1. Report P(r) for region 58-215: all Cα-Cα distances, bin width 5 Å, range 0 to the bin holding the largest distance, values in whole percent.
2. Given the convex hull of the Cα atoms of region 109-179, what is a quarter of its surface area in nm²?
3. Can you give the FRET efficiency for SER199 and ASP140, using 1/(1 + (r/R0)^6), R0 = 22 Å, r = Cβ-Cβ distance, to the nearest 0.05?
4. Pairs LYS113/LYS256; LYS113/LYS248; LYS113/LYS148; LYS87/LYS248; LYS84/LYS134; LYS84/LYS177: which are spaced more than 22 Å apart, C-alpha to C-alpha?
5. Where does the charge balance sit around GLY132 when Lys and Arg score +1, Asp and Glu -1, over other residues with C-beta under 14 Å from its C-beta?
6. Ranked from highest to lowest mean number of other Cβ atoms within 10 Å per residue, what is the order of the peptides 167-177, 120-130?
7. How large is the accessible surface per residue of region 75-258, computed with a 1.4 Å probe and reported in Å² as a whole number?
8. With the full set of protein chains in place, find how many percent of the accessible area of region 115-188 is carbon and sulfur; take the probe as 1.4 Å.
Amino acid sequence: MRSSCVTPSGVTVTRRRDSKWLLRWLSQTDAVKRLVELVEGGDIKQLARFRLAECDSECSGYTVGAVRGMGEPRLVLLFSGKRKSGKDHVTNSLQLRFSSDTCSVLRLSGPLKEQFALERGLDYERLLGATGYKEEFRADMIRWGEEKRRRDPGFFCRIIVQRVSQPVWIISDARRKSDIDWFRSEYGAVLQTVRVEASEETREARGWVYTPEVDDAESECDLDQGVDFDWIISNDGENSSLEEQLNKLTDFIYSKLDEFK
Ligand SMILES: Nc1ncnc2c1ncn2[C@@H]1O[C@H](COP(=O)(O)OP(=O)(O)O)[C@@H](O)[C@H]1O
Ligand SMILES: C[C@@](O)(CCOP(=O)(O)OP(=O)(O)O)CC(=O)O
């Protein structure tokens with residue numbers, strides 16, 4: 001679509017530099033109504049890939065955010081790594097390099113922990129943290145999640161991709177080949193796999209203690225072999241080395257975003 005156009009009925013639609021759309025219209029209700037008409041009428045076909053998100057008043061117009069569900073991600077980075085390798089640290093650091101409109105971190109373990117906490121009367125927030133609380137319940141959570149995945153391998157994958165509005169998705173915690181297979185089948189054209197690695201010494205220094213039924217289970221080992229990762233991040237040494245590796249990944253992300261400008 002051109003960066004700006006006026007529809008036959010006089011609505012100016014402008015694509016802003018941050019890829020949002022500015023609708024110059026008089027009221028939010030009218031803007032929504034008009035947007036639906038435009039999309040349904042095929043007036044501005046490209047707008048069909050977007051839906052109205054939060055409307056904020058700006059120059060008496062309204063912004064329209066790109067929203068997944070109707071839009072597709074431009075890049076999906078699927079991270080994996082053993083526990084305490086630094087998946088959360090690395091994915092959070094990467095996200096901080098982008099605006100919250102651009103990049104979202106999605107966790108497969110999120111809905112798993114939420115539902116598990118509900119069923120067992122546990123503290124969901126504490127399960128999200130990197131403390132001993134999560135470790136106390138990890139083996140049980142693994143078993144619980146495996147049961148769900150056995151019946152439906154895409155169960156958690158489908159939940160986390162709902163209603164994501166950003167064009168860049170960072171999935172922080174693929175653990176099984178079935179996770180990679182699911183994302184490959186849904187988003188193969190824009191998928192990049194990223195492995196975070198750290199030595200056992202480093203992981204121990206971060207609190208890792210070998211635990212049978214966890215560290216020898218599929219959850220930790222399924223991706224040890226048989227996957228040709230697109231990116232490998234070594235998260236052992238100096239933070240400057242991590243920064244350098246993240247710089248390369250960041251450049252790659254921007255290059256993918258640029259392709260759509
Ligand atoms: N490069 C790093 N620099 C400093 N602390 C790190 C680094 N990588 C990981 N950590 C810390 O190590 C711990 C485990 O990392 P985390 O990202 O939670 O690992 P994972 O998600 O793979 O289990 C966390 O306390 C985290 O802050
Ligand atoms: C039951 C789990 O989802 C728990 C995962 O919790 P986190 O993703 O918080 O774990 P680490 O970051 O590796 O420490 C594992 C699974 O098998 O699905």
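1. 2, 8, 16, 20, 20, 16, 10, 4, 2, 1, 1, 0, 0
2. Projected over every direction and averaged, the Cα hull of region 109-179 covers 5.3 nm².
3. 0.20
4. Over 22 Å apart, Cα to Cα: LYS113/LYS256; LYS113/LYS248.
5. +3
6. 167-177, 120-130
7. 49 Å²
8. Roughly 48 percent, rounded to a whole number.
The values are calculated or read from the model by the stated rules, or taken from the named source; none is laboratory data. What you see is a predicted model; the values in this text were computed from it and never measured. Glycine also receives a Cβ, built like all others from the backbone with ideal geometry; neighbour counts cover every protein chain displayed. In case anyone asks, the SASA skips ligands and DNA or RNA and just uses the protein heavy atoms, side chains included. Shrake-Rupley method; radii C 1.70, N 1.55, O 1.52, S 1.80 Å.
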